[in-house]
Structures are given as structure tokens and as C-alpha cells.
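The values are calculated or read from the model by the stated rules, or taken from the named source; none is laboratory data. Everything numeric here is computed off the predicted structure, so don't read it as measured data. Because the Cβ atoms are built from the backbone with ideal geometry, glycine has one as well, and the counts that use them run over all protein chains shown.
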Amino acid sequence: MTIGEKVSYIKGLAEGLKLDDSTKEGKVIAAIVDVLGDIAENLSEVDEELDDVADVMTDLEESVTDLEDEVYGVEDDEDDYDDEDDFDEELDEMYETTCPKCGNTIRFDYDQAASEQLDCPNCGAHLEFSLEDDDAE
């Protein structure tokens, strides 16, 4: 039973009592029933407005999702798995050293650094180093 229906029921009970509106008690009960009716009506309007707002929010959410898909591309959100969660930044890091023989600056990635040896592409000098120190020799 809705609040409006409950208020109508109370109003019916009050009318069934055949209260005299000229008495103090009759005036109070009639005023209470009227206020309850107003409250029920306002609550019904608020519920309708809330439903409208919920519909607008749903439309906005769909629009934002469509916009995200357009801007960032459609992704498979089946598992909400982000490849970057398992991404090791160290693997993408670039290292740099200077060849002691020719002075050429040499850039290399983690895989090359992990081999702990590298040849200078300029003069062919063999370079050895360790990642443990974070400094290339």
C-alpha cells in the first residue's frame, strides 16, 4: 500500500467518525488529515521527479560510455583486465652509457642490459656491466 493510499484510508476513517468540525478535536483531526494528504501528494511528486532524474542519469551514463568508446576505442571489459597491471616498468626502462674507447653514447633496453655485455655500435668495443649497481660501466 502506498503512502497516498494509506492517507486516503485514514481520511476515510476520520470521515467515518463523523467528527464535528466545529469542535477543537474535530478541527485538529481534519487539519492532520489535510496535512497528511499534502505530504502524500508532495512525496508522490518527488518520487516522479526522482524517477526522471534517474532516467536522465542513465542516459548520461550511456552517453559517457559511448563517448569513451569513441575517444579511447572499444575495449573488451569482460574481465576488466588491464595489461598494464602486469607491466614491469623496469622492462621498458632505457639505459645509457658512454663507450670508454670512443666516447659514443650508447642507449640500450632492459633485455640488452640483462645480457650484461654489449658491443659499441660505433667502434665495436666490448662493454661489460651489471644491473645490480644501476650504473653501466
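Only residues that are closer than 13 Å to His126 by Cα and in a strand (DSSP E or B) were counted in region 102-113, giving 1.
Within region 104-116, residues that are modelled with pLDDT of 75 or more sit with their Cβ atoms under 7 Å from residues that are assigned to a loop (DSSP other than H, G, I, E, B) and of a type in the set (D, E, K, R), at 6+ positions apart or across chains, in these pairs: Tyr110/Glu93. Residues that are surrounded by 11 or more Cβ atoms within 10 Å (Cβ to Cβ) and out of contact with any strand residue (DSSP E or B) (no Cβ under 8 Å at 6 or more places or on another chain) within region 102-113 comprise just one, Cys102.
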